[in-house]
Amino acid sequence: MFDEFPEGAEADVSPVRELKPALFRGWKRRCPQCGKGPLMKSYLKVRDTCPVCGEDLHHHRADDGPAYLTILIVGHIMAPSIIWAFTVFRPEPMVLATTFTVGCVALSLFLLPRLKGAIVGFQWAKQMHGFGG
């Protein structure tokens, strides 16, 4: 009785997509489906389709998620680090400011495209925003 669908409704026949491989492929800035094609065509611009497998990637809605996660991670790494460096080494203020400014910028530039790729991979694996059909 409960195995039947109402009249006009169809079962969801889309294949299950593994989350961890999709996240890892996105982190590596590769297509979440095949893992071979490049996900980005520039620093943060996601390709419309994968050049290897043809998967449509224009559906993604990463928006502010990668920037938020980057700030969260960099802040949680750098805030304790600056307090530790100040209390243990007592560097000159300009040395401390310069070192941690460069560190924050470098870590942010490293993490931002990787986190965007991971979010696109997450959306692809969960079949969100048009990735399901």
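The values are calculated or read from the model by the stated rules, or taken from the named source; none is laboratory data. Not measured: the values here are computed from a predicted model. Ideal geometry is used to build each Cβ from the backbone, glycine not excepted, and the neighbour counts take in all protein chains shown.
Here are the numbers for this structure:
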{"read-out": "Qualifying residues in the range 79-133 (those that are of a type in the set (Phe, Trp, Tyr) and part of a helix (DSSP H, G or I)) - the one nearest to the chain's Cα centre (by Cα)", "value": "PHE122"}
{"read-out": "Matching residues in the range 56-81 - criterion: being within 14 Å of GLY117 (Cβ to Cβ) and free of Cβ contacts under 8 Å to residues at least 60 places away in the same chain", "value": "GLY65, PRO66, ALA67, LEU69, THR70"}
{"read-out": "Residue within the range 19-33 that is more than 16 Å from GLN123 (Cα to Cα) and surrounded by fewer than 15 Cβ atoms within 10 Å (Cβ to Cβ) present", "value": "no"}
{"read-out": "Single match in ALA118, ALA85 (criterion: surrounded by 14 or more Cβ atoms within 10 Å (Cβ to Cβ) and in contact with a Phe, Trp or Tyr (Cβ under 6 Å, 6 or more places away or on another chain))", "value": "ALA118"}
{"read-out": "Subset of the range 62-114 [modelled with pLDDT of 95 or more and on the phi > 0 side of the Ramachandran plot]", "value": "ARG90"}
